[in-house]
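The values are calculated or read from the model by the stated rules, or taken from the named source; none is laboratory data. Owing to the predicted nature of the structure, the values given are computational and were not obtained by experimental measurement. Every residue, glycine among them, receives a Cβ derived from its backbone with ideal geometry; neighbour counts consider all protein chains shown.
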Amino acid sequence: MATGATHSDRPTARTERGRSVVRVSGEMDHEHAEELHASLAAALDRAPAGSDIVVDLQNSSFCDSSGLNVLLSVRLQALKRGVHFILAAPSHQMIRLLEFTRSDDLFTYAPVATD
């Protein structure tokens, strides 16, 4: 999702055994927020209650308030549908953003995404 994003920079999703993994690469910023929301919303639309959506942030380089707002919005929608929303491998910058905005306690974390 870096500037001048190529097809491989777009979030990708894979569903297996009650778990959807959405892999994010590059930046989660104003320029890419709509694309990020579309990918996460599509994963949520396919997710039955009790399943997991794991957002793999291992290759995400940056997140601003636009990206955070997408994550918060989809997390809330997932909560309402009984779907677990998990952030996997958040960067140091992402953790600092979550702490600064006091939204760190709203998310569940995993050290890595597995599918």
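Name the residues in segment 66-94 that are surrounded by 14 or more Cβ atoms within 10 Å (Cβ to Cβ) and without any contact (Cβ under 8 Å) to a residue 24 or more places away in the chain, would you? Listed by number, the list is empty, since nothing qualifies. Counting only strands (runs of 3 or more DSSP E) wholly contained in segment 5-115, the ones carrying 1 or more residues that are of a type in the set (D, E, K, R) and at pLDDT below 95 occupy 12-16, 19-28.
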